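Working notes, structure below.
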Amino acid sequence: MSKMVLRRVLLGGLPALLTGCAAWQAPGYNLPPLPAAPGGPYILGSGDVLSIRIYDQNQMSGTYHVDDSGFIDLPLLGLVRAGGGSAAELSQRIATGLQAGQLILHPSVAVEVSTYRPFYILGEVTTPGQYPFRPGMSVLTGISIAGGFTYRAETTYVGVTRNIGSTPAQYRAPTAALVQPGDVITVFERRF
């Protein structure tokens, strides 16, 4: 085969080869990018553990778990919605309930999160599973908590399944993205 014919075959096949490479995408790469986290206070959800203090009411003060329906069960008040609102909103909701029931005339209620709901990590990490959330942690921090990447892992981006609004959706995120409680992080397998 002459050099000229070989050159034509190679150059003629090069655009097809490049087009094929452009069409191939790594797993998870075609996911939409993770939107910026909404500003404002932390939104409570099921799995959070709350420390509730009601001034001068030791029998009502204590630790409460937000159940799967987003409620906590307080003595004298019963079920109170906690999920979907901030700690300040829950504090106000409890105070209003105590006043409305004429249980305490001027209640002083403090609510804080003592344990955040966990995040989950799966895929190409050494120890996939459920881990405790800490405010300000990045995806890379979560991966290191799970034992780090496996040798097959895609290390530049991950999939993050997050509830934005009322429905969960999966997004592509860099490893520097911030984790939120309840996130499910998927570390993909690289192709090469």
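A few points about this structure:
- Label of the coordinate-derived value, Rg/Rh (Cα atoms, Kirkwood Rh), listed as (1) 0.99; (2) 1.26; (3) 0.96: (2)
- Based on C-alpha pairs under 8 angstrom that are at least 6 apart in sequence, the chain has a relative contact order of 20 percent.
- Viscosity 1.306 mPa s, temperature 10 °C, Stokes-Einstein D of region 87-148 from Kirkwood C-alpha radius, µm²/s: 110
- Which of Thr96, Thr186 has the fewest Cβ neighbours within 10 Å, and the rest in rising order: Thr96, Thr186
- Close amide H pairs (under 5 Å, H built 1.01 Å from N) link Tyr171 with Val160, Thr161, Arg162, residues at least 5 positions away or on another chain.
- On Cα atoms only, tilt of 3-23 relative to the major axis of the chain in degrees: 10
- Relative contact order, whole percent, for region 109-192 stands at 37, derived from Cα pairs under 8 Å and 6 or more residues apart.
Only the coordinates and a few stated rules stand behind these numbers; no lab work does. Because the structure is a prediction, the values reported are computed rather than measured. Because the Cβ atoms are built from the backbone with ideal geometry, glycine has one as well, and the counts that use them run over all protein chains shown.
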